[in-house]
Amino acid sequence: MKTAAELKFGESATIYEIDKSHPSSRRILEVGFTPGQEIVLLNISIFNDPIAFSVRGTVIAIRKNEANCIRIL
């Protein structure tokens, strides 16, 4: 299954699930990355970490390894 870290610049997707075994899964859920929400990849830093997403009308930057726990459709 594809993860949020694999999105291309400007691409959007719907969150399918959050990998609960990842150490940052709780934090990811708390900042608004919940199943059913649409996300858009807005910006990628020079070294590909962190990456910024639009979620619920807010821009949130997370590390690439954290984005790997967000499974998308």
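Hey, got a sec? Which chymotrypsin sites (Phe, Trp or Tyr not before Pro) in segment 3-67 land in a DSSP loop and have at most 16 other Cβ atoms within 10 Å? Of the chymotrypsin sites (Phe, Trp or Tyr not before Pro), the ones in loops of segment 3-67 whose Cβ has at most 16 other Cβ atoms within 10 Å are PHE9, PHE47. Fully extending the segment from SER12 to VAL40, taken as 0.36 nm per residue of separation minus the present Cα-Cα distance, adds 9.7 nm.
Name the shape class, rounded, prolate or oblate, that the alpha-carbon gyration tensor gives for segment 4-72, where a ≥ b ≥ c are the square roots of its eigenvalues, rounded holds for a/c under 1.5, and otherwise prolate holds if a/b is larger than b/c and oblate otherwise. Judged from the Cα gyration tensor, segment 4-72 comes out oblate (a/c at least 1.5, b/c at or above a/b).
The HN-Hα couplings worked out from phi for segment 57-63 by the Karplus form 6.51 cos²θ - 1.76 cosθ + 1.60 (θ = phi - 60°) are x, 10, 8, 10, 9, 9, 6 Hz, whole numbers, x standing for Gly and Pro. From a point 7 Å beyond the Cα of LEU29 in the direction of its Cβ, which residues of segment 50-72 have a backbone N at a distance under 15 Å? It comes to 69-71, nothing else.
Read the figures in this text as sums done on the coordinates, not as results from a lab. None of the values given here were measured: they were computed from a predicted structure. Reconstructed Cβ throughout: ideal geometry from the backbone, glycine too, with neighbour counts over all protein chains shown.
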